[in-house]
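Notes for the one structure printed next.
The values are calculated or read from the model by the stated rules, or taken from the named source; none is laboratory data. In this text, all values refer to a predicted model and were calculated from it rather than measured experimentally. With ligands, DNA and RNA removed, areas are computed over all heavy atoms of the protein, side chains included. Shrake-Rupley method; radii C 1.70, N 1.55, O 1.52, S 1.80 Å.
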Amino acid sequence: MSRDGGRSPIWSADGTEIFYLSGNKMMAAPVKAGATFEADVPEVLFEVDAQLPMLTRFDVTADGRRFVIAVPTEDQADLPITIITNWQQALIK
């Protein structure tokens, strides 16, 4: 499907397209799955920030028209991490 490689693939809700990142571009390729798998020529949907980490996560709405992309912030290293243990007991009280 991609001659240049891609990362973070995700299927459309109806299974007729696969979305993925290729460099700084969000790509979409129509697919047909059955006895054989066929992928059409991918198209560039839009460009994303070139600084996104390699393991960027994203999701697409059921209609395939909107995307949510996890983007790190500059202040991210300063945020505290809170871990709650035994949280089930707090629900009983």
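Structure notes:
- Number of positions in region 10-51 that are open to solvent by less than 90 Å² (accessible area, probe 1.4 Å) and assigned to a strand (DSSP E or B): 19
- Comparison of ALA90, ALA50, ALA62 shows that the only residue that is among the small types (Gly, Ala, Ser) and at pLDDT below 75 is ALA50.
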